[in-house]
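Worksheet: one structure, shown below.
The values are calculated or read from the model by the stated rules, or taken from the named source; none is laboratory data. Quick caveat, the model's predicted, so the values are computed rather than measured. Note: ideal-geometry Cβ built from the backbone for every residue, glycine included; neighbour counts use all protein chains shown. The accessibility values were calculated without ligands, DNA or RNA, using every heavy atom of the protein model including side chains. Shrake-Rupley method; radii C 1.70, N 1.55, O 1.52, S 1.80 Å.
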Amino acid sequence: MIGAGMIGQRAHISQFIEIERCRVLALAELRPELGRFVCHKFGIPKLYSSHSEMLDDPEIEAVVVVTRRHATGPIVLDALRSGRHVLSEKPMAHTQAQAERLVSAQPAGKCYAIGYMKRHDAGVAQAKILLDALRRSGELGQIVLVRAWCFGGDIGVGQHGFVMTDEVRPDGIELWPIAPDWVPTTRHEEYAGFLNVNIHMLNLLRYILNSTPAVSGCHLTRSHGRIVTFDFDEIPCVFEMAEVAGSDWQEGIEILFEKGRLRVAMPPPLLTMVSASVELERAEPVSQTIRYNSPRSTAFRRQAEAFVDDILLQREPIASGADSIEDLALGESIWRKGLEEA
């Protein structure tokens with residue numbers, strides 16, 4: 001495990017240590033006191049002061065990278081070049097060119113997965129099977145509109161399950177640019193923040209609808225409220241984004257058919273044993289609403305299990321590095337369109 005912050009502990013270390021098919025052998029953490037605390041809390045036998053030291057350990061077969069976002073790319077590049085399987089947090093990088101550089105370094109026969117845990121959510125899996133079947137059968141007619149939203153709220157962290165210190169992260173590690181060079185320097189932090197929060201939904205929309213859309217319209221002039229419109233093979237889609245205070249997590253996808261509606265509501269990202277809710281409305285032959293009971297599970301646990309199984313079974317991850325290049329390309333398309341229309 002590379003990185004032991006709150007997300008590293010709650011979303012990754014605590015999940016992998018419960019999987020019998022793997023062993024968490026080591027932690028690399030730049031903050032020595034935090035590293036010792038986390039190794040003690042989770043029973044991790046080895047502690048390294050840098051990822052470079054860890055990558056010299058021949059026992060390590062795979063790494064999970066959960067660091068500051070602008071440090072992710074260089075660390076993942078080192079891990080891939082060392083011949084390891086890699087799972088990294090999203091976004092995998094901040095530009096399409098960076099993402100392509102990482103994928104080009106992926107060793108043959110090794111897994112490179114990106115942490116889009118929403119693809120692993122049990123409710124999302126159920127909704128995708130249902131949507132694919134509805135599109136094949138045509139029983140609800142054509143899709144007339146897709147609406148997605150992410151308004152934020154309480155991410156479900158709570159006060160337990162992780163330890164922290166007041167240590168300052170040391171400087172000196174390699175960092176990659178957080179925005180393409182054509183984005184105005186004054187908006188680099190805004191671009192990076194947009195990716196960090198909203199790339200989940202860009203990835204999820206591509207997954208649910210089985211394609212990468214064209215960007216047809218964009219409103220990015222407000223820092224806390226944005227609207228993007230897409231064309232998914234002639235299916236119109238609107239994505240509404242805002243950052244609002246509130247206890248409820250508000251994120252989901254609504255797919256409107258000629259004769260019905262499918263709605264998927266996402267749970268808070270760090271809430272455990274809760275899956276996305278799935279609701280289907282049918283207008284014919286009689287109006288009815290079906291609410292599906294998704295299995296009680298944690299998306300981050302399912303993601304960790306999938307990464308281990310991908311390695312053992314030598315299969316392609318459902319959120320592979322190669323596929324995730326499309327998310328960075330889409331993010332850049334949104335910002336190009338937004339800057340043009342500003």
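Please report the carbon-and-sulfur percent of the accessible area for the chain; probe 1.4 Å, protein heavy atoms only, DNA, RNA and ligands left out. Intermediate results must be reported in sequence, preceding the final value.
Numbers: 7680 of 15480 Å².
Reported share for carbon and sulfur atoms: 50 percent.
How much length would be gained if the chain were fully extended between HIS188 and GLU167, taking 0.36 nm per residue of separation minus their Cα-Cα distance, in nm to one decimal?
Details: separation 21, 0.36 × 21 = 7.56 nm, distance 2.66 nm.
Separation in residues times 0.36 nm, less the Cα-Cα distance, equals 4.9 nm.
Scan segment 226-258 for GluC sites (Glu not before Pro) in coil per DSSP, keeping those whose Cβ has at most 16 other Cβ atoms within 10 Å, and list them by number. Could the numbers behind the result be given before it?
On the way: sites: GLU234, GLU240, GLU243, GLU251, GLU254, GLU258; in loops: GLU234, GLU243, GLU258.
Taking segment 226-258 and a limit of 16 other Cβ atoms within 10 Å, the loop GluC sites (Glu not before Pro) found are GLU234, GLU243, GLU258.
What translational diffusion coefficient, to the nearest whole µm²/s, does the chain have by Stokes-Einstein, given a Kirkwood radius computed over alpha-carbon pairs, a temperature of 37 °C and 0.692 mPa s viscosity? Please report the intermediate quantities before stating the final value.
Values: Rh = 21.0 Å.
Roughly 156 µm²/s, to the nearest whole number.
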Rounded FRET efficiency, nearest 0.05, which uses the C-beta distance separating ARG291 from MET6 and R0 of 25 Å: 0.15
If amide hydrogens are placed 1.01 Å from N in the peptide plane, which non-local residues have theirs closer than 5 Å to the one on GLY217? THR229
Centroid-to-centroid separation of segment 261-312 and segment 163-215 [C-alpha atoms, Å]: 25
Low-density loop cleavage sites - GluC sites (Glu not before Pro) in segment 31-72, where at most 10 other Cβ are within 10 Å (DSSP): GLU59
Long-range lysine pairs (8 or more apart or interchain), the chain, Cα under 28 Å: 14
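Tell me, what is the FRET efficiency for THR229 and GLN142 to the nearest 0.05, using R0 = 22 angstrom and their Cβ-Cβ distance as r? Kindly include the intermediate steps, with their values, before the conclusion.
Details: r = 18 Å, r/R0 = 0.83.
After rounding to 0.05, the efficiency reads 0.75.
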Note, ³J(HN,Hα) from phi for segment 48-61, Karplus 6.51, -1.76, 1.60, rounded to Hz, x at Gly and Pro: 10, 7, 7, 5, 4, 5, 4, 5, 7, 7, x, 6, 7, 9
How compact and how long is segment 208-320, expressed as Rg and Dmax of its alpha-carbon atoms in Å? 17.4, 47
How much area per residue is accessible in the chain when the probe is 1.4 Å and only protein heavy atoms are counted (Å²)? 45
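Antiparallel versus total DSSP beta bridges in the chain: what percent is that, nearest 5? Don't skip to the answer; put the middle values down first.
Numbers: 39 of 56 bridges.
DSSP beta bridges in the chain are roughly 70 percent antiparallel.
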